[in-house]
1. By average Cβ neighbour count within 10 Å, what is the ranking of 32-38, 21-27 from highest down?
2. Between LEU187 and SER121, what is the FRET efficiency for a Förster distance of 35 Å, r being their Cβ-Cβ separation, to the nearest 0.05?
3. For the chain, take the longest principal axis of its alpha carbons; what is the angle in degrees between that and the long axis of helix 212-225, to the nearest 10 within 0 to 90?
4. Beyond 31 Å between alpha-carbons counts as too far, so tell me which of LYS85/LYS221; LYS13/LYS157; LYS13/LYS155; LYS13/LYS223; LYS85/LYS169 fall in that bin.
5. Skip the ligands, DNA and RNA, and give the accessible area per residue of the chain with a 1.4 Å probe, whole Å².
6. Dipole of the chain (Lys/Arg Cβ +1, Asp/Glu Cβ -1, origin at the Cα centre): which of LEU154, ILE18, THR61 lies farthest to the positive side?
7. Rounded, prolate or oblate, given the Cα gyration tensor of region 123-193, with a/c below 1.5 counting as rounded?
8. So, taking all protein chains as they sit and a 1.4 Å probe, how much accessible area belongs to THR106, in Å² rounded to tens?
Amino acid sequence: MEDKDFTENGFYKISNYIMWFILSNFYFIITNLPLLIVVFIFPALTPALLQIALSVALIFTAPSVAALFSIMGKLVREKDIDVTKDFFKAYKTNFGQAMLIGLVQTLLINILYVDIIYFNSRSLPIVSYLFYFLLIYVIALSTFLYPIMARFYLKTKDLVILSIVYSVKKLHFTIANIILMVAVGFLLLNVSSFVMFFAFSAYTFVIIHWQNKVLEDIEEKIKIEK
């Protein structure tokens, strides 16, 4: 009885969440070694080389993002996780599909970036605003793609269609996710580097938590279709 009371007290629960956030964040960082290397050597790279190196690194970030969303989703649902086992199991399970999604997204981001530069150079800012919007949307779509990928086993085509549908249908979540993404980026760039040790896991946890109803809705639809 005393053990049960201890494990259910607030301090114990908060301590567990802090430990889970920090450890999952650590695994996210170490599985993003290519991106870390680019961050450290970017002053020595030319703009063209930096874009290529960053693009390659971002592709390899995708499985880590999927794994982080996976364990944060499990934490929201079950209130308990085995961080090491769950993270690397999800990393391995989603690796192929996440890499494909990461590749497509990175290609789209680069194409849109080039279009923005082109239309700005042609003094057509109105057209470039459209591509700015599309660029932001492609990035924001990640906050639907990876949570859905992490929870359901779907064909890539179905995953993309479902993510686009819900990103429009639940536009308030899409906007909120963008705002939160900007806020996390601001903290990482302008506040203590200590933020980096829990920011990514906390960010994915918040997104999963407030999109949990969306994921439950998708789960019901999948059950009905089966």
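The values are calculated or read from the model by the stated rules, or taken from the named source; none is laboratory data. In this text the structure is predicted, and so the values were computed from the model without any measurement. Cβ coordinates were reconstructed from backbone atoms using ideal geometry, including for glycine residues, and neighbour counts include every protein chain displayed. Just the protein is used for accessible areas: all its heavy atoms, side chains included, with ligands, DNA and RNA removed. Shrake-Rupley method; radii C 1.70, N 1.55, O 1.52, S 1.80 Å.
1. Going from most to least packed, we get 21-27, 32-38.
2. For R0 = 35 Å, the calculated efficiency reads 0.60.
3. Helix 212-225 sits roughly 90 degrees off the main axis of the chain.
4. Beyond 31 Å: LYS13/LYS157; LYS13/LYS155; LYS13/LYS223; LYS85/LYS169.
5. 60 Å²
6. The one lying farthest along the dipole's positive direction is LEU154.
7. Oblate, because a/c is 1.5 or more while a/b does not exceed b/c.
8. 10 Å²
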